[in-house]
Amino acid sequence: MLNWIRGFNFFILLLFSICYLYQVVFVFICWFSKKKTYEAKKLHRYAVLISARNEAEVIGELLESIHKQTYPSHLLDIYVVADNCTDNTAQVAREHRAIVVERFDHVQVGKGYALNYLFSQIETQVGLEAYDGYMVFDADNVLDENYVMEMNKVFSNGYPVVTSYRNSKNYGSNWISAGYALWFLRESRYLNGARMRCGTSCAISGTGFLVSSQIIKENNGWKHHLLTEDIEFSTENIIKGRVIGYCEKAVLYDEQPEQFKASWNQRLRWSKGFYQVLGRYGGELMGGITRRHSFQCYDMLMTLAPATLLTLFTIAVNGVFGFAGLLLGHMSWVAATFRAIGSSLFGIYMSLLFFGIVTTITEWKQIHCRGWKKIFYIFTFPIFIFTYIPIAVEALFKKVTWVPIRHTVVKSAKEIRGQMDSY
């Protein structure tokens, strides 16, 4: 039995290593490969789309950051869909010179439905082809002044979808907001950044992305309505062989949850959404891997794969045999399973700590809070990720619906960059 326990744990370790070692390789690719530079071949015409539900408190700052862009203003139109709002979001958006569409639908709830409704209104009013591309933001976002200019450079070099560098408005609030922020910084720098240098597809992440009007026209609007519509959109385009680009110079600031309950509900939706996307597209991703030897299909499959459940399964199996050893008096079983559980958790903690350290060091100037907090939150980052384990389990069995999160951080990009002392 001891050999079986050791063999099982070695197999799990080997499986994890094979599946995710490439993400460690990505780190070294970012360190040692040369960055690609892009120049604009054309100044394209864009529509900026914002789906907002009761976001009167923060949407004004986003709209002002769009108006302050260095990109020619006559090539930017701003649309806001005030989705099932009970506050004055629509009024605030109009005061900030946005074209506002109000939507009231308590059956088809979610960002995907709101975006689709907005696209239908644009098609009716001016036609989807009136714009070369569509930029999508959440109402709590704020943009650097050169955001659109930099996105245009990548878009005009032939990428039909482009995502951007996702920074945080409130990194220094607590370990929860820092956990989110550090994950998104790592995703931007060491996942999408490496993918871009390798010529494989990136993935959009919730907000801050640009889509060609041709794709929107082909899809007849926004057709992705699973709980994680961004991942569904990325997955479908990757399966079709499209390469999603990434613009590291286009910086967006996003507000992160600070309360654990709000964080739990949001990540519960994300976990359920990942299961939905895996269930719907997993077979096609496997087909892309086996038939076309597509690395980007493999990469997306690993993104969707429920690694947290495999971790929990490993702990559970070891726990069962440890308990059996205790009942039968085989203390060697107990010792072996305890060592295996401890080694597994320690290994995961250290790998997450590694990603936290390298991300914090390289993105130090992009993290806007006090230095001691930057260091402290490196060590809480793995704990934040560990909380995904019970969330992933609950998502398996619970019916999950979209729950709004209140946003309250009202700061300009300049204020965010200068907030070292306040956090």
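Remarks
- Charges were assigned to the Cβ only: +1 to each Lys and Arg, -1 to each Asp and Glu. The resulting dipole of the chain about its Cα centre is roughly 1240 debye.
- Over the C-alpha atoms of the range 112-216, the Rg to Rh ratio, Rh being the Kirkwood estimate, stands at 1.00.
- Each residue of the range 215-278 gets 118 Å³ once the volume of the Cα convex hull is shared out per residue.
- Debye, to nearest 20: dipole size of the range 1-157, +1 on Lys, Arg Cβ, -1 on Asp, Glu Cβ: 940
- Accessible area (Å², per residue) of the chain, counting only protein heavy atoms and a probe of 1.4 Å: 44
- Top of 247, 19, 202 by mean-square fluctuation, Gaussian network on the chain, Cα under 10 Å: 19
- The angle between the Cα long axis of helix 307-328 and the longest principal axis of the Cα atoms of the chain comes to about 20 degrees, rounded to the nearest 10.
- Against the chain, whose longest principal axis is taken from its Cα atoms, helix 295-304 shows a tilt of about 80°.
- Share of pairwise Cα-Cα distances greater than 26 Å in the chain is 57 percent (whole percent).
- Each 10 Å bin from 0 upward holds the following percent of the Cα-Cα pairs of the range 68-154: 14, 45, 35, 6.
- DSSP bridge orientation in the chain - percent antiparallel, rounded to nearest 5: 25
- MRE, 222 nm, helices only [DSSP H, n ≥ 4, -39500 (n - 2.57), over the chain, to nearest 500]: -18000 deg cm²/dmol
- Our summary gives the chain a relative contact order of 20 percent, counting only alpha carbon pairs under 8 angstrom and 6 or more residues apart.
- Note on residue 240: lysines with a C-alpha under 17 Å away, same-chain residues under 8 apart excluded, are 217, 223.
- Extended-chain gain in nm, criterion 0.36 nm per residue less alpha-carbon gap, residue 330 and residue 157: 55.8 nm
- Principal-axis analysis of the Cα atoms of the chain puts helix 371-386 at an angle of about 70° to the longest axis.
- The portion of the accessible surface of the chain made up by carbon and sulfur, rounded to a whole percent, is 61 (1.4 Å probe; DNA, RNA and ligands excluded).
- Set 35/411; 42/68; 35/68; 261/374; 68/169; 169/261 screened for pairs whose C-alpha atoms are more than 25 Å apart: 35/411; 35/68
- Rounded FRET efficiency, nearest 0.05, which uses the C-beta distance separating residue 370 from residue 410 and R0 of 22 Å: 0.60
The values are calculated or read from the model by the stated rules, or taken from the named source; none is laboratory data. None of these values were measured; they are calculated from a predicted model. With ideal geometry, Cβ positions are generated from the backbone for all residues, glycine too; neighbour counts draw on all protein chains shown. The area values use the complete protein model at the heavy-atom level, side chains included, leaving out ligands, DNA and RNA. Shrake-Rupley method; radii C 1.70, N 1.55, O 1.52, S 1.80 Å.
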